[in-house]
2 protein chains.
Amino acid sequence: MATQPRQKPDGTSSDYALDDQIGFILRKVSQRHTTIFAAAFPDLTAPQWATLAKLYEGGPSSQNQLGRLVALDAATIKGVVDRLGARGLTVTTPDPADARRVVVALTEAGRKEAERGFPIAAAVTAETLGALSAEERVQLVQLLKALE
Amino acid sequence: MATQPRQKPDGTSSDYALDDQIGFILRKVSQRHTTIFAAAFPDLTAPQWATLAKLYEGGPSSQNQLGRLVALDAATIKGVVDRLGARGLTVTTPDPADARRVVVALTEAGRKEAERGFPIAAAVTAETLGALSAEERVQLVQLLKALE
DNA sequence: CCGAATTCATTTGTATGCAAATAATTGTCC
DNA sequence: GGACAATTATTTGCATACAAATGAATTCGG
């Protein structure tokens, strides 16, 4: 059962269909994930959570280095750290060994928030992948990681 | 070769690793796609291209309906349409049949830009999926579509 | 037919994301 | 040791995203 190429207004045909493009699909799946995440974490965005989780996993880090760990550029990680700091979840101190750097660390409240969040974040992942079997989930993650 | 559960600072262990979470991976893959897209389309963002492509595929549409087709909410599609209109790629007219609606359509320049873009957009998809075999690409799209 | 619910478009506010420019500091290399 | 390159953090500007509120128009149910 072969699929027919789309018929364009000018009569020519093409195989391009927006709904089948990886970029468009990625955006829609990301949107659904964002919705699920927001319902589970009313007071935290996904990048904010990623920052907390990475600080918990890896300990204090310079701001730019932290940004690289969570895939946020220098301008974006600054905003995220500022907002986490304003809420008392992180603290920022100058690096004694390098005057250019500021070191970002979790506060006690930040550690508690991270520990509270881990099971919730795991549930967000599970719900996002809810339509897939265990094997399919592994497959999907494997395929996506090849595209990172 | 079993993987060890991550060791947390407090000594307890957990299976949660940010780098393995679907949301985090999706964001990173989307970022890479955005980079590839921007290099191929210096003057168009992916949502702007999606809007052009959908208008070309489906013809004129009310603004909100168009937003649903390209997965942009009412506030976002408005900005996209405004910017496309400012560049002469789309035109906006009131709907005679429904005074609430505005109809968005491609201009001749918009049609030409869409036709010019199709092969480029196909190349962006191909480059994004470059690390995967043909079967893997089909698999990935299939798995992602199950999550939409 | 009429009041209520819905839809449509707009606006405001907040939060990413990214490019580009800048200033301060550190590292490198001859 | 000193010019020069690279790194770090910041700032500005633009473009998504999304929640929430608003006002106008249409649809629906009784």
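The values are calculated or read from the model by the stated rules, or taken from the named source; none is laboratory data. What you see is a predicted model; the values in this text were computed from it and never measured. Virtual Cβ from ideal backbone geometry, glycine too; neighbours counted across all protein chains shown. SASA here: full protein model, heavy atoms, side chains in, ligands and nucleic acids out. Shrake-Rupley method; radii C 1.70, N 1.55, O 1.52, S 1.80 Å.
Taking a label point 7 Å from Cα toward Cβ, how far is B:ARG87 from its twins in the other copies, in nm, shortest first?
Result for B:ARG87, in nm, nearest copy first: 3.5.
Within 10 Å of each Cβ of A:135-148, how many other protein chain Cβ atoms are there on average?
The per-residue average across the peptide is 6.
Of all the Cα-Cα pairs you can form in segment B:63-148, what percent are over 14 Å apart?
Values: 2718 of 3655 pairs.
Percentage above 14 Å: 74.
Could you check the spin-label model distance between B:ARG83 and B:ARG100? Points 7 Å from the Cα along Cα→Cβ, value in nm.
Here the answer is 2.8 nm between the modelled labels.
To one decimal in nm, how far is A:ASP73 from the same spot in the other copies, if labels go 7 Å from Cα toward Cβ? Please give the shortest first.
2.4
When you have a sec, figure out the Kirkwood radius of the protein assembly as shown from all distinct Cα pair distances and drop it here in Å to one decimal?
When all Cα pairs of the protein assembly as shown are included, the Kirkwood radius is 21.4 Å.
Would you please give the FRET efficiency between B:GLU135 and A:THR34, computed as 1/(1 + (r/R0)^6) with r the Cβ-Cβ distance and R0 = 35 Å, to the nearest 0.05?
Values: r = 30 Å, r/R0 = 0.85.
E(calc), rounded to 0.05, equals 0.70.
Test of understanding: express the Cα radius of gyration of chain B as a ratio to 2.2 N^0.38 Å, with N the residue count.
1.38
Which value, in Å to one decimal place, does the Kirkwood hydrodynamic radius take for segment A:105-148 when every pair of different Cα atoms is included?
Evaluated over segment A:105-148, this radius sits at 12.3 Å.
Heavy-atom accessible area per residue, segment B:39-142, 1.4 Å probe: how many Å²?
Working: 5250 Å² over 104 residues.
Value returned for segment B:39-142: 50 Å² of accessible area per residue.
Scaled to the compact-protein estimate 2.2 N^0.38 Å, what is the alpha-carbon radius of gyration of segment B:23-106, rounded to two decimal places? Don't jump to the answer; show the numbers that get you there.
Working: Rg = 14.1 Å, N = 84, 2.2 N^0.38 = 11.8 Å.
Compactness ratio reported: 1.19.
Could you tally the net charge around A:HIS33, taking each other residue with its Cβ under 15 Å from the Cβ of A:HIS33, Lys/Arg +1 and Asp/Glu -1?
Net charge in that neighbourhood comes out at +4.
Within 10 Å of each Cβ in peptide B:54-64, how many partner chain Cβ atoms are there on average? Round it to a whole number, please.
Average neighbour count from other chains, rounded to a whole number: 2.
Total Lys pairs in chain B closer than 28 Å by alpha-carbon, pairs eight or more apart in sequence or interchain only?
9
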